[in-house]
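What follows is a short report on a single structure.
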Amino acid sequence: MRVVISRRPLKSMMRWSQYILLAAGVSLLAYCGFVLADTWTFQRRQNRQLAQLMAQRHVANGAPRITVSAVLPYKSSPTAAGDLIGRIEIERLGMSAIVIEGTSRRVLQRAVGHIFGTALPGEPGNVGIAGHRDTFFRPLRNVRRDDIINLTTPLGDYRYRVVSTSIVGPQDSVVLDPSSNQALTLVTCYPFYFVGAAPRRFIVRAERLEASGTSLLSDISRRPPK
């Protein structure tokens, strides 16, 4: 006896599977486009706000804005989640990103986050900043010792020199311990090209540069009045 199996249901299932996969692909592309557009818009808006805050401080001081790389520590006000901290840049790597208070999923999707409980720029201690390895902190895979990190805030510019990099476990929080000097610690996931939740953390340690700022203020204070 010959059994005949109709192929019509199979063809119909394959056709609907194609439609579903196509719709899923279009939806994913649309979501990625939305995330990229939202991030770009957020960065531009926060950069404008940072520029306005720096300009307001310049006008309030009535004097040229001074680069405060080791000039005088400032007493910064307490920050709340989502507050603008400043902008971090590593010129050699072409890296630039807005820094926002907190490390929530929403914050790290749009910027890099200042780790709550660590020092703020200009304060004694260890400034902790976290970012995703596949977005803003991707360039850190090429970071080198002695690279200069610029941290721009409404109160001034802070410069740090990279002194070391390391790879630690996700629970190894000792890298964020307070420091007796003014340090900066950048944290991102590792390996950089790992698919899925990365098992390790890549750490960049930098120290704030001494020098010109202090001598600049000293020179100003020693100048005779005109």
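The values are calculated or read from the model by the stated rules, or taken from the named source; none is laboratory data. Note that the structure is a prediction, hence the values are computed from the model and not measured. No Cβ is skipped: glycine too gets one built from the backbone with ideal geometry, and neighbour counts run over all protein chains shown.
Here is how the numbers come out for the structure above:
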item	result
Unmet criterion (only one of (1) more than 17 Å from L84 (Cβ to Cβ); (2) surrounded by 21 or more Cβ atoms within 10 Å (Cβ to Cβ)) for L151	(1)
Verdict on L72 being closer than 20 Å to I149 by Cα, surrounded by fewer than 14 Cβ atoms within 10 Å (Cβ to Cβ) and at pLDDT below 95	yes
Whichever residue in the stretch 97-108 is assigned to a helix (DSSP H, G or I) and among the hydrophobic types (A, V, I, L, M, F, W, C) and, among such residues, is surrounded by the most Cβ atoms within 10 Å (Cβ to Cβ)	V107
Every residue from the stretch 20-41 that is at pLDDT 75 or above and of a type in the set (F, W, Y)	W40
Condition broken by S179, with the remaining ones in (1) farther than 19 Å from F136 by Cβ; (2) of a type in the set (S, T, Y); (3) within 16 Å of the chain's Cα centre (by Cα) satisfied	(3)
Conditions (1) in contact with a strand residue (DSSP E or B) (Cβ under 6 Å, 6 or more places away or on another chain); (2) in contact (Cβ under 8 Å) with a residue 40 or more places away in the chain; (3) closer than 23 Å to A81 by Cα; number of the one not met by V107	(2)
Entirely in the stretch 109-188, the strands (runs of 3 or more DSSP E) that have 2 or more residues that are basic (K, R) and at pLDDT 95 or above	156-168
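Okay, residues lined up against (1) in contact with a His (Cβ under 9 Å, 6 or more places away or on another chain); (2) farther than 14 Å from I90 by Cβ:
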residue	(1), (2)
V112	yes, no
I115	no, yes
V143	no, no
S173	no, yes
V187	no, yes
